[in-house]
Amino acid sequence: MFRFLIGFAVTLSILAQTPTGVIQGVVADSSSAVVPNARIVVANVSTNEARETTTDATGRYVIPYLLPGTYTITAEASGFRVVRSENVKLDVGQNRSINFSLEIAAVTQEVRVEAAPPPVDLNNATVSQIMENKRILDLPLNGRSAFSLANLAPGVNPTGGGATPHISGSQTSTSEVQIDGTTTVTAGVIGGMNRRVYEPQVDAVEEFSVQVNGLTAEFGRFAGGVINAVTKSGTNAIHGSAYDFLRNSKLDANNFFANRAGRPRGPFKRNQWGGVVGGPVFLPKLYNGRDRTFFFFGFEGTNARSQSVYTGTVPIAPWRSGDFSDLRTAGGAPITIFDPLTGRPDPANPARFIRDPFTGNRVPQNRLDPVAVNAMKYYPAPNAAAANPYTNANNYVVSGATPSDSYRTDTRLDHNWTSKWRMFARVSVAWSKSTPLNAFNNDATPTDGSGPNESRARSATLDHVFTFSPT
């Protein structure tokens, strides 16, 4: 068995991890004697991809590196009835046992068995919970974050700022998040914490597991748990969906406290829209990818428009020209401006220095710094009554729109070269731009008006599996 996996995500290279599962078991006859050299075929119901092996001398078979999905498993041996186990659900990272008991038959016969989900995974000591696709799509998600469902698993506590969650009492940001076996966290380079750098759109996630403790060796470098997500792949049938989630202040009631104070409802608009489509690759008269080549593509956009209010203090007209004759403390006491060029030792106490005040508390025009004079041009005039008439604090109030736009795409291509050779590649890209309120309407605006903020994130996985022999 040879397997090659390459993964990278924005900021670092990683060791290979597996987004797949394993199906294994034992084939025996009705007397519990093992059946060697029995032929085992595992076929994916959605894509018809088939993997084949034979049982060893002890009647055991193992087929690793299977993508999560629903499978049909067939066991056959000479002189026995063919047994088929259908609807075998394999989750991400699962090691599932499917045993067969063959009955002797005079002629070739087939027995079909409906597989039941195992009550307990006896092949793996890891404690985990699976968030399957139906739950991901059906449960309400504020902000449309599939990974927020991880907080429903026992032992998981959320953290803010995009950091990975606390799992089983671990410290902040010591857990791992993977997409198709590729890490999607930064290694403590942002504020000393691991943070997610990419998250696929909800409709592109097939399922994910939350491993809370008892991690296997491949995850030994993490002190917390592991969230392991698998993206959707195309199938032999074309499937797709489209959606639009709209929030608009015109459909909302006013805040209770704002309503009681007589303030109107603040404007807010948020539109989250997108869609996904997947199926076989088909080029008319050139290529038919059914049972062989599949694609999946998803796109999502989020456009938000809200109102932001800035309150600050700007210089009044006399201050701009150096006139501080009315400069006072919050309590109304005068504040004296001293001339720094008149500093000298105090004759009464040479250890101290004294200065002379400016006449009338006014700085002469020829003493004003030209840089400061030019900087005054960037400050707008007061437009509101000051909160304190002595200090002129908070004498400038302005409101305006703060647009925010973000987009993300998930593209995946699966190809089955032969029954022994398959691969898939996924590329995900996200980009966003938000524009805070430009309070001064120029390049010198403070605080909320720091200018447009742009970001971009990328994540990719290449998974390649080749089986040299069935054993």
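Every read-out reported here was derived from the displayed coordinates using simple, explicitly stated rules and does not represent laboratory data. Just so you know, these numbers come straight off a predicted model, no measurement behind them. Note that each Cβ is placed from the backbone with ideal geometry, even for glycine, and that neighbours are counted across all protein chains shown.
Tabulated data for the structure shown
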item: Selection from Asn236, Ala253, Phe208 lying farthest towards where the dipole of segment 197-335 points positive, charges on Cβ; result: Ala253
item: Three-way shape call for segment 354-431 based on the alpha-carbon gyration tensor, with the a/c threshold at 1.5; result: prolate
item: Relative contact order for segment 315-378, counting Cα pairs under 8 Å that sit 6 or more residues apart, in percent; result: 33 percent
item: Among the listed pairs Lys89/Lys420; Lys232/Lys269; Lys269/Lys433; Lys89/Lys232, those beyond 23 Å (Cα-Cα); result: Lys232/Lys269
item: Ranked Ile130, Ile73, Ile167, criterion: other C-beta atoms within 10 Å, fewest first; result: Ile130, Ile73, Ile167
item: Mean Cα-pair separation over length for the chain, i.e. relative contact order, pairs under 8 Å, 6 or more apart, %; result: 14 percent
item: Virtual spin-label span in nm between Arg135 and Asn383, 7 Å along Cα→Cβ; result: 5.1 nm
item: Label-point separation, Gln307 to Val82 (7 Å along Cα→Cβ), nm; result: 7.1 nm
item: Descending semi-axes in whole angstrom, ellipsoid equivalent of segment 315-378, from the Cα gyration tensor; result: 26, 16, 9
item: Cut-off 11 Å between beta-carbons: net charge of the residues surrounding Leu341, Lys and Arg +1, Asp and Glu -1; result: +1
item: For Ser31, Ser419, order by how many other beta-carbon atoms lie within 10 Å, fewest first; result: Ser31, Ser419
item: Mean ellipticity per residue at 222 nm, deg cm²/dmol - from DSSP H runs of n ≥ 4 across the chain, formula -39500 (n - 2.57); result: -1000 deg cm²/dmol
item: Radius 10 Å from Cβ of Ile130, net charge of other residues (Lys, Arg +1; Asp, Glu -1); result: -1
item: Magnitude of the charge dipole, the chain, Cβ model with Lys/Arg +1 and Asp/Glu -1, debye to 20; result: 1140 debye
item: The chain: radius of gyration and largest Cα-Cα distance (Dmax), Å; result: 33.5, 125
item: Efficiency of FRET between Ala33 and Ser419 - r from beta-carbon atoms, R0 22 angstrom, step 0.05; result: 0.15
item: Packing-based exposure ordering (other Cβ within 10 Å, fewest first) of Arg367, Arg290; result: Arg367, Arg290
item: Förster radius 51 Å - calculated FRET efficiency between Leu327 and Ser432 (Cβ-Cβ, nearest 0.05); result: 0.70
item: Within segment 315-378: Cβ-based charge dipole about Cα centre, in debye rounded to nearest 20 (Lys, Arg +1; Asp, Glu -1); result: 80 debye
item: Simple spin-label estimate for Thr336 and Ala351 in nanometres, 7 Å along Cα-Cβ; result: 2.2 nm
item: Using a Förster distance of 30 Å, the FRET efficiency for His239-Lys269 (Cβ separation, nearest 0.05); result: 0.45
